[in-house]
Amino acid sequence: MALAERILDGDIRAAARLMRNIDDNLPSSRGELQELYSHTGRAFLIGVTGPPGAGKSTLVDQITAAYRKQGKRVGVVAIDPTSPFTGGAILGDRIRMNRHAEDEGVFIRSLATRGHMGGLSRSTADVANVMDAMGMDVVIIETVGVGQDEVDIVRLAHTTLVVMVPGMGDDIQAIKAGILEIGDLFVVNKADRDGADKTARELNLMLEMNRYAPGAWRPPVLRTEAQRNVGVEELVGKMDEHHRWLLESGEINQLLQEKNTSLFQTLLKERLFAEVYGGVARSGKLSEILEGMLSREQDPYSAVEQILAERLSP
Amino acid sequence: MSERKLRILVGKPGLDGHDRGAKIIARAFRDAGFEVIYTGLHQTPDQIVSAAIQEDVDCIGLSILSGAHNTLLPRVCQLLKEKKAEDIILFCGGVIPEDDIPGLKAAGIKEVFTPGASTDQIVTWVKNNIIPR
């Protein structure tokens, strides 16, 4: 039986295997994803992002527990960085989530970035789709610990949570572009620490500077102590509120439009590049071009134009 | 442009609280280019097997210093079989008396590393014995 069929049948090993095939970019995974696509689109996708050490994994663990209490099935995709030098990775997000390991209503998958920028792995959207097809009601995607500009999550999740901790620099940080623009909810975690008030105040100040159209969502700033499960119920309530707002205001259509556009563009880009670059490399043209560039007799700009003209003109 | 990446779960079953060895090994595996799922301390055999299945790893490396190896490790093997995941290879390292090794191997543990084994030795063993599926 094909993997897709087994997954729809509830086979955990088949799901885990397909995720691996997707991650390893096996051509067969595309066919399986085609099969699954019509079974997706039901899960509520939550993105959790923020700097390293902010407590994202611990928070994800508590959010998972809260949704389990409601009887919902939860998928977790947790991303950690790949070493740029060896290609290896240590994926340690599970450490904080081990108590869910034996719960059949929870499926956790760790992914390495494998050189992909933007805070996610190349495979994240597809792995989340597999979880959606498995019948998970909620899929939580935890990005790598991000700095300022890794914002891909916003084009994948319905609701994006930006997790901050006290004492992360002065107020100018809060008005820079980047991750602080993408939050639907902001969380000041480790709120028992010194400076939590200041961080919350600065975030609020930054949000007050935004203009909100009537009926628009105004991101709230919440405080949590994930380790002690303080403030998590309220956070989950707010996330659900945001989800409801998306559906009731019709904003969901705009969001899905953007999300699908981004997904389609990525897929097309990836396949086109593999196809065209592969052809150029196999035909030996690539080494010709590189040699030409070395001696400055061939410029890369016209080389690309020429290849495009050859490959894409009717 | 596809290539199988070796995925390996490193964890510590049972009650001992010494995870330095496990961390050193995890780091050595990372430096060898593997993807290491590190699950940390105090894992039950059920948690280990369930994590290994969800993560679709090729093998599990367990560090055990508590003396409970004769109970915990065969239990992991048994659970892998029950869940039809016996293709996931199990090996271990720790303070394990020579006399116990044949029994562990008979229970399905593929290799046992004892004090004195170098990280290079272990990495080489993984490279030679584990083929990413």
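For a Förster distance of 45 Å, can you work out the FRET efficiency between the beta-carbons of A:ARG30 and B:ILE101, rounded to the nearest 0.05?
Efficiency, rounded to the nearest 0.05: 0.50.
With N denoting the number of residues in the protein assembly as shown, provide Rg(C-alpha) divided by 2.2 N^0.38 Å, to two decimal places.
Its radius of gyration relative to the 2.2 N^0.38 Å reference: 1.06.
Within the range A:1-28, what residues put their amide N at less than 18 Å from the label point 7 Å along the Cα-to-Cβ vector of A:ARG271?
Within reach of a label on A:ARG271, which here means backbone N under 18 Å from a point 7 Å along Cα→Cβ, the range A:1-28 contributes A:22-28.
Under 24 Å from the Cα of B:LYS12, which lysines turn up, not counting those fewer than eight places away in the same chain?
A:LYS56, B:LYS23, B:LYS81, B:LYS83, B:LYS84, B:LYS105, B:LYS110, B:LYS127
Taking the square root of 5 times each eigenvalue of the Cα gyration tensor, what semi-axes in Å does the equivalent ellipsoid of the range B:1-47 have, largest first?
Semi-axis lengths for the range B:1-47 are 24, 13, 5 Å.
Report, as an integer, the average count of C-beta atoms from other chains found within 10 Å of each Cβ along B:8-14.
Per residue, the number of nearby Cβ atoms from other chains is 1 on average.
Across peptide A:95-105, how many C-beta atoms of other chains are within 10 Å of each residue C-beta, on average?
Counting Cβ atoms of other protein chains within 10 Å of each residue's Cβ and averaging gives 4.
What are the equivalent ellipsoid semi-axes of chain B, built from the alpha-carbon gyration tensor (square roots of five times its eigenvalues), in whole angstrom, biggest first?
Equivalent ellipsoid semi-axes, largest first: 20, 17, 14 Å.
Which helices count as membrane-span-like in chain B under these terms: full DSSP H, at least 18 Å along the axis by C-alpha, Kyte-Doolittle mean of -0.5 or more? Kindly include the intermediate steps, with their values, before the conclusion.
Values: long enough: B:69-82 (19 Å, -0.18).
Flagged H segments are B:69-82.
Please give the charge dipole size of the protein assembly as shown, origin at the Cα centre, charges +1 on K and R Cβ atoms and -1 on D and E Cβ atoms. Round to the nearest 20 debye. Don't skip to the answer; put the middle values down first.
Numbers: 52 positive and 62 negative charges, 93 e Å.
Approximately 440 debye in magnitude.
Starting from 0.36 nm per residue, how many nanometres of slack lie between A:LEU312 and A:GLN257 once their C-alpha separation is accounted for?
Between A:LEU312 and A:GLN257, full extension yields an extra 17.1 nm.
What ranking do A:70-82, B:70-82, A:266-278 get when scored by the average of other Cβ atoms within 10 Å per residue, highest first?
Final packing ranking: A:70-82, B:70-82, A:266-278.
Over both sides of the A-B contact, add up the buried accessible area with a 1.4 Å probe and give it to the nearest 100 Å².
2900 Å²
Please state the shape class of the range A:40-249: rounded when a/c is under 1.5, otherwise prolate if a/b exceeds b/c and oblate if not, all from the C-alpha gyration tensor. Write down the numbers at each step before the final one.
Details: a/c = 1.42, a/b = 1.21, b/c = 1.17.
Cα axes put the range A:40-249 in the rounded bin.
Can you sort B:LYS12, B:LYS83, A:LYS238 by solvent-accessible area, 1.4 Å probe, largest first? Display every interim value, and only then the final one.
On the way: B:LYS12 0, B:LYS83 95, A:LYS238 55 Å².
Final ranking, largest accessible area leading: B:LYS83, A:LYS238, B:LYS12.
If packing is taken as the average number of other Cβ atoms within 10 Å across a peptide's residues, how do A:158-167, A:142-151 rank, most packed first?
Result, highest mean Cβ count within 10 Å first: A:158-167, A:142-151.
What percentage of the solvent-accessible surface of the range B:7-129, computed with a 1.4 Å probe over protein heavy atoms, is contributed by carbon and sulfur atoms?
53 percent
Within 10 Å of each Cβ in peptide B:43-55, how many partner chain Cβ atoms are there on average? Round it to a whole number, please. Walk me through the numbers before you get to the answer.
Values: counts 4, 3, 0, 2, 6, 2, 2, 10, 8, 2, 7, 14, 9.
Mean shielding by partner chains, rounded to a whole number: 5.
Using the heavy atoms of the protein chains and a 1.4 angstrom probe, tell me the accessible area per residue for the range B:7-129 in square angstrom.
I get 41 Å² per residue for this part.
With a 10 Å cut-off between alpha carbons and a GNM built on chain B, which of B:ALA26, B:ALA107, B:ALA52 moves the most?
B:ALA107
In square angstrom, rounded to the nearest 10, how much accessible surface does A:SER295 have for a 1.4 Å probe?
60 Å²
When the accessible area of chain A is split by element with a 1.4 Å probe, what percent falls to carbon and sulfur?
52 percent
Step through the residues of the range A:72-88 one at a time and calculate ³J(HN,Hα) from phi using the Karplus curve (6.51 cos²θ - 1.76 cosθ + 1.60, θ = phi - 60°), rounding each to whole Hz and writing x for Gly and Pro.
So the J values, rounded to whole Hz, are 8, 8, 10, x, 10, 10, 10, 10, 10, x, 8, 5, x, 9, 10, x, x.
Find the centroid of the Cα atoms in the range B:7-35 and in the range A:1-23, then give the distance between the two in whole Å.
The distance from the Cα centre of the range B:7-35 to that of the range A:1-23 comes to 27 Å.
For the range A:223-314, what is the per residue volume of the convex hull drawn over the alpha-carbon atoms, in cubic angstrom?
Each residue corresponds to 206 Å³ of Cα convex hull volume.
Does the range A:264-312 come out rounded, prolate or oblate, given a ≥ b ≥ c as the square roots of the eigenvalues of its C-alpha gyration tensor, rounded meaning a/c under 1.5 and, failing that, prolate meaning a/b above b/c?
Because a/c hits 1.5 or more and a/b exceeds b/c, the range A:264-312 counts as prolate.
The values are calculated or read from the model by the stated rules, or taken from the named source; none is laboratory data. Since the structure is predicted, the reported quantities are computational estimates derived from the model, not experimental observations. Methodologically, a virtual Cβ is constructed for each residue, glycine included, from the backbone with ideal geometry; neighbour enumeration extends over all protein chains shown. What goes into the accessible areas is simple: the full protein's heavy atoms, side chains included, and nothing from ligands, DNA or RNA. Shrake-Rupley method; radii C 1.70, N 1.55, O 1.52, S 1.80 Å.
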